[in-house]
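J.: Submitted below is the structure of interest, expressed as structure tokens.
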Amino acid sequence: MATLHRLVLLIALGGLSLLPRAARLIPWQTVPATWEITAAVLADVTGDGRPEWVLVVWRPWRDWPIERWSTLPSPIAAFHDGRGDSCHLILLDPHDGREVWAGSALPIPIRSLAVADTDGDGRAELVVWEGDYAAGRDGPVTGRSVWGWNGFGFQRE
């Protein structure tokens, strides 16, 4: 019974998965203070058999480091809201809070997300509801799309 009390039941991908309580980190306790998490789900979205915290994060916009050597305008220069924050999709390890994967500033910000096997292939996809930088992080939903993991990052399906 003591072992059962040390386990936390987590609902992921329509089933139950078990993580030791010591391994369950709450993502907003491990991220920098300049990040605002607006959506989070614990699920295996990379297909490696281990769940990740999937976070929608708003943080101060930063250009790609390589842009300091470019004479051309940055392709992500407009990917931020009126406050100067950009929206990112970030994966964290639920055991130690380490960043597993982080995407660049998104061209279309995510308002909310869910995880489901949308095509019946046994792998989880992200279902994202999209917004608009001009409307800010609290603006209306303007679209929906499905994203799948391709081994390097996510792509719209």
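We did not get these values from a lab; they are worked out from the coordinates using the rules stated. Keep in mind it's a predicted model, so treat the numbers as computed, not measured. Here Cβ is always computed from backbone atoms with ideal geometry, including for glycine, and neighbour counts include all displayed protein chains.
J.: Using amide H atoms built in the peptide plane, which far-off residues or other-chain residues are under 5 Å from Arg111 H to H?
T.: Trp129, Glu130, Gly131
J.: Residue-wise, which Karplus ³J(HN,Hα) couplings in Hz belong to region 39-55, taking 6.51 cos²θ - 1.76 cosθ + 1.60, θ = phi - 60°, and x for glycine or proline?
T.: 7, 8, 8, 9, 6, 8, 9, 9, x, 8, x, 10, x, 10, 6, 9, 10
J.: Show me the three semi-axes of the equivalent ellipsoid for region 71-145, from the C-alpha gyration tensor (sqrt of 5 times each eigenvalue), largest first, rounded to whole Å. Before the final figure, lay out each step's value.
T.: Working: eigenvalues 119, 63, 32 Å².
Three semi-axes, in Å: 24, 18, 13.
J.: By how many nm would the segment from Asn150 to Ser104 grow when fully extended, if each residue of separation counts as 0.36 nm and the alpha-carbon distance is taken off? Kindly include the intermediate steps, with their values, before the conclusion.
T.: Values: separation 46, 0.36 × 46 = 16.56 nm, distance 1.59 nm.
Answer, rounded to one decimal: 15.0 nm.
J.: Multiplying the sequence separation of Ala40 and Trp64 by 0.36 nm and subtracting their Cα-Cα distance, what value in nm do you get? Mind showing how you got there, number by number?
T.: Details: separation 24, 0.36 × 24 = 8.64 nm, distance 2.48 nm.
Computed gain between Ala40 and Trp64 is 6.2 nm.
J.: Let me ask something additional. Express in nm, to one decimal, how much length is gained between Val141 and Asp48 on full extension, taking 0.36 nm for each residue of separation and deducting their alpha carbon distance.
T.: Values: separation 93, 0.36 × 93 = 33.48 nm, distance 3.08 nm.
Full extension of this stretch gives 30.4 nm more.
J.: Specify which residue in the list Ala39, Val54, Ser86 is farthest towards the positive end of the charge dipole of region 31-91, using unit charges on the beta carbon of Lys, Arg (+1) and Asp, Glu (-1), about the Cα centre.
T.: Farthest towards the positive end: Ser86.
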